[in-house]
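A quick write-up on the structure given underneath.
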Amino acid sequence: MDSMRAVLMMLGVVLHAAYIFSPDTEWVVTDPQSSEFLNVFSHYMRMFRMPAFFVISGFFSIMSLKRYDAGTFLRARLQRIVIPLISAGLTLNVAQLFYQERVMEGRPTPFLDFLLHVFPQRVLDGGWVQHLWFLNTLVFYFIAAVFIYQLAPPFVEKWKDSRVLDLLRRRCRFMLVLPLLLMGWNVVEHYGHGWADTTLLCGILNLDELAIYFPYFVLGLWLYVDPKLQEEFHHLAPWEAVAAVLSVIVYSRFRGAHGFHAASLLQHYCETLFTLISTQICFIGFRKYADRDSKLFRYLADASYTVYLFHHVCVVILGSLMLQVTMMPELKFLIILSSSLLITLTIHHFLILRIPLLRFMYNGK
């Protein structure tokens, strides 16, 4: 699963490069030459990428907690998360925000003035986090995993052989129920008048992100402790193939539905169902084709953290430089993507791997 986690992280480069040409996505850089293909491509990739990542994170959390005590687990995980978060936030994201201020927005702000006046405001409003948001989210999930691991065993023993659980587990029927539970957050958002999507603690806490992805993290916990579910999860049931196609059709029909009515609820249900099935397909595919010991997979797994942390500023700069270039948007996308991957992999190979301080700062080890 390390290779799957690495690929999902590196797909962030693909996603952010595609955002530049996606008219439906408001991103840091928006190219006037949009692409409907990249718009649809990025939209459907976004639907499954982070859910699949959090499922894997939950899976490995329980694996680690079974090997180590809670204190050791938290120390190791928080070092791996918090140190790169702070390091990247205070260096790479500062550089990107200064570039936006001076080059993209055309304000001749000296760097010292930027640090003293502009950046503190970006810290307060959470703008310094940018693509690092999932690291904040993981910190809260890892703490939650410790509590779940300590408190859940009695409930697991009681329910693991129950008929209800077996019915939900068999042929992954729980996927038909989980979207209904997730729709409960829609009710909170609807009647909360926007408070749920408010960023708190200088961007460290976002209730919306925590609530949306936590069920996928819990699914990862369940997968690890339930071998029967693992077995079912690694085979696509016939109903799921049909449901995947139908969910895309219905979701596309009602995509963009807003408010709190039947169309928007159906759209959300189909979106979540497609996300769950897509996540399962990722697991099946990686288990079949990439679950092997390989120098390339090991290298990419090690480099994926560096690539993700450094790619954002690269994509922003390259994307802004390409704005005035007249070229097919798909070709511009490939240039930005390949250049960003080359730059970040070079940084990992020649700097991160060879300088212990940088490896500690940006990889937490």
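The values are calculated or read from the model by the stated rules, or taken from the named source; none is laboratory data. Bear in mind that the values here come from a model prediction, so they are computed numbers and not experimental data. When we count neighbours, we look across all protein chains shown, and the Cβ atoms used for this are built from the backbone with ideal geometry, even at glycine.
The table that follows gives values for the structure above.
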{"item": "Search result, residues across region 2-40 that are without any contact (Cβ under 8 Å) to a residue 40 or more places away in the chain and aliphatic (A, V, I, L, M)", "result": "LEU11, LEU15, VAL40"}
{"item": "Enumeration of residues in region 68-104 that are within 25 Å of PHE147 (Cα to Cα) and not aliphatic (A, V, I, L, M)", "result": "TYR68, ASP69, GLY71, THR72, PHE73, ARG75, ARG77, GLN79, ARG80, PRO84"}
{"item": "Some residue of region 48-69 being part of a loop (DSSP other than H, G, I, E, B) and of a type outside the set (Phe, Trp, Tyr)", "result": "yes"}
{"item": "Single unsatisfied condition, GLN100 versus (1) within 18 Å of the chain's Cα centre (by Cα); (2) over 26 Å from PHE217 (Cβ atoms)", "result": "(1)"}
{"item": "Failed item in (1) of a type outside the set (Lys, Arg); (2) at pLDDT 90 or above; (3) under 30 Å from GLN100 (Cβ atoms); (4) outside any helix (DSSP H, G or I), with VAL315 passing the rest", "result": "(4)"}
{"item": "Selection from region 67-89 of residues that are in contact (Cβ under 8 Å) with a residue 60 or more places away in the chain, over 21 Å from THR306 (Cβ atoms) and surrounded by fewer than 17 Cβ atoms within 10 Å (Cβ to Cβ)", "result": "ALA70"}
{"item": "Conditions (1) surrounded by fewer than 23 Cβ atoms within 10 Å (Cβ to Cβ); (2) modelled with pLDDT of 95 or more; (3) assigned to a helix (DSSP H, G or I); number of the one not met by LEU38", "result": "(1)"}
{"item": "Residue match in region 141-161 (condition: over 25 Å from PHE260 (Cβ atoms), of a type in the set (S, T, N, Q) and either in contact with an Asp or Glu (Cβ under 6 Å, 6 or more places away or on another chain) or modelled with pLDDT of 85 or more (or both))", "result": "yes"}
{"item": "In region 1-24, residue modelled with the lowest pLDDT [restricted to those that are within 16 Å of the chain's Cα centre (by Cα) and among the β-branched types (Val, Ile, Thr)]", "result": "VAL7"}
{"item": "Residues of region 134-165 satisfying the condition of being without any contact (Cβ under 8 Å) to a residue 40 or more places away in the chain and within 30 Å of ALA244 (Cα to Cα)", "result": "TRP159, ASP161, SER162, ARG163, VAL164, LEU165"}
{"item": "Whichever residue in region 50-66 is aliphatic (A, V, I, L, M) and under 20 Å from the mean Cα position of the chain (by Cα) and, among such residues, is surrounded by the fewest Cβ atoms within 10 Å (Cβ to Cβ)", "result": "ILE62"}
{"item": "Test for ARG298: is it farther than 21 Å from ALA52 by Cβ, among the basic types (Lys, Arg), part of a helix (DSSP H, G or I) and modelled with pLDDT under 90", "result": "no"}
{"item": "Selection within region 104-126 - loosely packed, with under 13 Cβ neighbours inside 10 Å and touching a residue at least 40 places away in the same chain (Cβ under 8 Å)", "result": "LEU124, ASP125"}
